[in-house]
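The values are calculated or read from the model by the stated rules, or taken from the named source; none is laboratory data. Just so we're clear, the structure is a prediction, and the values are computed from it rather than from any experiment. Neighbour counts are summed over all protein chains in view; Cβ atoms, including those assigned to glycine, are modelled from backbone coordinates with ideal geometry. Accessible surface is based on the protein model in full, side chains and every heavy atom, while ligands, DNA and RNA are left aside. Shrake-Rupley method; radii C 1.70, N 1.55, O 1.52, S 1.80 Å.
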Amino acid sequence: MPPDLDVVIVGGGAIGAACARELARTGRKVLVIETGSEMGQAWRAAGGMLAPHIEGERNDPLFDLGTAARDHYEPLAAALREATGIDLGLWQEGIARVATDESEVASLQNTVGWQQRQGYPTQWLDEHELRHRWPWLGPAAGALWAPRDGALDPDRLVHALLADAKRRGATVLQDRATAVLTAGSAAAGVTGERDSYAAPEVVVAAGAWTGLLEGLPRRIPVQPVRGQMAALPWPEGIGRAIVYNKDCYLLARGNEAVLGSTMEYVGFNAEVTPAGLAKIFSNTMALCPALVRAKMRRSWAGLRPVTPDGLPIIGEEPKLRGLWYATGHGRNGILLAGLTGVLIAQLMNGEPPSHDLQRFAPDRFV
Ligand SMILES: Cc1cc2nc3c(=O)[nH]c(=O)nc-3n(C[C@H](O)[C@H](O)[C@H](O)COP(=O)(O)OP(=O)(O)OC[C@H]3O[C@@H](n4cnc5c(N)ncnc54)[C@H](O)[C@@H]3O)c2cc1C
């Protein structure tokens, strides 16, 4: 174990890796503890959409944070490519959210109007425009077009963040953390199955497994929510795109069509099921009928870390000095990862955070 650690981070997924990189960048001696074994980690399963605007409605507490987080990837992707040679596959060519009936048309048009009044370039595309851009779409009555939303490859993101963190002196060890250690009213490190790791500060970034850690002074109500996914070859003759509707999405990644997803409360079970796949295939084939001719390539599932109010938990534990939470990012953890790392580093370095984090404070749960 490296001596004189400043920070131990539990979890080297999307959020832990981003925190490690930002803390190492500000000169902290960082250790990341990561189980490494395949257990349905969300980052391995994610679609990687950076899509704050296709769902962003009035009063959504994640709208501003999500927009800033999406825009943060432009400089971050360039910096990571320069530092590590890893290309995040950043796609910035927009996402269409398709309406299939009149009530959805009204609701999405409302959202478009609200976002336009906030100064964003979101547009409403009528059926004619939609057919012109994407003639291969199934039944559709119009779409919200978010031209700055996009996607990246989550696997490459995590590898690039960890590689850059290591380049800046961080260590990544394979172990499963079991408990946070305390000394009086302060955090003192972490115990794992293989060893104990002493440090005055601890960041809990264990995704859906956060609530299983012992020694936390409060119950952290992060629940696993399973999402199943499938991939097919991208259909020939169709331009690369990301399209989304209320039931499913279809996104181009490399030469594949990634299809998602389900939201299932089935505990720590990351299995793929025939029922889950049937739902994904029937929904995405309605969205893009050409998929019916494609050959099946792969399927997988992962566990999203979801809180009761759907918002992440970002901040210090008021009852234990030096214990920080960066967890519960639910369906948006890839979008929010890069910026969460920055915010955690700002907070831990005693700087004012660049965004108001009140709604994400840990003490909203008792
Ligand atoms: C099917 C699916 C599709 C998704 N699509 C999108 C999307 O399009 N856009 C988007 O923004 N988000 C998406 N998400 C959500 C996103 O993947 C998560 O919000 C994000 O990965 C959460 O990051 P995390 O680091 O908190 O958790 P994870 O990514 O799960 O990482 C947690 C890490 O902690 C490790 N760990 C856990 N417990 C311990 C322990 N005790 N000791 C050591 N290590 C431990 C795990 O091994 C894991 O590597 C999707 C998720 C799923 C499942």
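In table form, for the structure just shown:
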quantity: Any chance Gly85 is open to solvent by 40 Å² or more (accessible area, probe 1.4 Å), under 28 Å from Leu162 (Cα atoms) and out of contact with any strand residue (DSSP E or B) (no Cβ under 6 Å at 6 or more places or on another chain); calculated: yes
quantity: Matching strands (runs of 3 or more DSSP E) fully within segment 137-190 where at least 2 residues are modelled with pLDDT of 95 or more and over 30 Å from Ala96 (Cα atoms); calculated: 171-174, 177-183
quantity: Counted residues, segment 58-74 - those being part of a loop (DSSP other than H, G, I, E, B) and of a type outside the set (Lys, Arg); calculated: 4
quantity: Selected residue (only one of Leu108, Leu90, Leu125 is open to solvent by 10 Å² or more (accessible area, probe 1.4 Å) and either without any contact (Cβ under 8 Å) to a residue 40 or more places away in the chain or not assigned by TED's automatic domain parsing to the domain that holds Ala337 (or both)); calculated: Leu90
quantity: Single residue of segment 190-212 satisfying the filter (out of contact with any Pro (no Cβ under 9 Å at 6 or more places or on another chain) and of a type in the set (S, T, N, Q)) that is most open to solvent (accessible area, probe 1.4 Å); calculated: Ser196
quantity: Residues that are more than 12 Å from the ligand (Cβ to nearest atom), open to solvent by 10 Å² or more (accessible area, probe 1.4 Å) and in a loop (DSSP other than H, G, I, E, B), drawn from segment 221-246; calculated: Pro221, Trp234, Pro235, Glu236, Gly237, Ile238, Gly239, Arg240, Asn245, Lys246
quantity: Counted residues, segment 322-366 - those being in contact with a Ser or Thr (Cβ under 6 Å, 6 or more places away or on another chain) and among the hydroxyl-bearing types (Ser, Thr, Tyr); calculated: 1
quantity: Selection within segment 2-57 - near the ligand (Cβ under 7 Å from one of its atoms) and assigned to a helix (DSSP H, G or I); calculated: Ala14, Ile15, Gly16, Ala42, Trp43, Ala45
quantity: Complete set of residues in segment 328-343 that are more than 7 Å from the ligand (Cβ to nearest atom), out of contact with any helix residue (DSSP H, G or I) (no Cβ under 6 Å at 6 or more places or on another chain) and in a helix (DSSP H, G or I); calculated: Leu343
quantity: Enumeration of residues in segment 247-263 that are surrounded by fewer than 24 Cβ atoms within 10 Å (Cβ to Cβ), within 14 Å of the ligand (Cβ to nearest atom) and in a loop (DSSP other than H, G, I, E, B); calculated: Cys248, Thr262, Met263
quantity: Residues of segment 29-70 classified as open to solvent by less than 40 Å² (accessible area, probe 1.4 Å) and of a type in the set (Lys, Arg), total; calculated: 1
quantity: Considering residues of segment 310-327 that are open to solvent by less than 10 Å² (accessible area, probe 1.4 Å) and part of a strand (DSSP E or B) only, the residue nearest to the ligand (Cβ to nearest atom); calculated: Thr327
quantity: Residues satisfying the stated conditions in segment 181-219, i.e. away from the ligand (no atom under 12 Å from the Cβ) and β-branched (Val, Ile, Thr); calculated: Thr182
quantity: Unmet requirement for Val7, which otherwise passes all of (1) more than 18 Å from Ala198 (Cα to Cα); (2) open to solvent by less than 10 Å² (accessible area, probe 1.4 Å); calculated: (1)
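The rows are residues; the columns are (1) under 21 Å from the mean Cα position of the chain (by Cα); (2) closer than 19 Å to Val32 by Cβ.
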{"position": "Gly260", "(1), (2)": "yes, no"}
{"position": "Leu277", "(1), (2)": "no, no"}
{"position": "Ala290", "(1), (2)": "no, no"}
{"position": "Arg293", "(1), (2)": "no, no"}
{"position": "Arg297", "(1), (2)": "no, no"}
{"position": "Val306", "(1), (2)": "yes, no"}
{"position": "Gly322", "(1), (2)": "no, yes"}
{"position": "Gly333", "(1), (2)": "yes, yes"}
{"position": "Leu357", "(1), (2)": "yes, no"}
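Rundown of residues vs (1) more than 28 Å from Asn283 (Cβ to Cβ); (2) at pLDDT below 95, yes/no style:
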position: Met49; (1), (2): no, no
position: Pro52; (1), (2): no, no
position: Glu55; (1), (2): no, yes
position: Tyr73; (1), (2): no, no
position: Leu88; (1), (2): no, no
position: Thr100; (1), (2): no, yes
position: Gly113; (1), (2): no, no
position: Gln116; (1), (2): yes, no
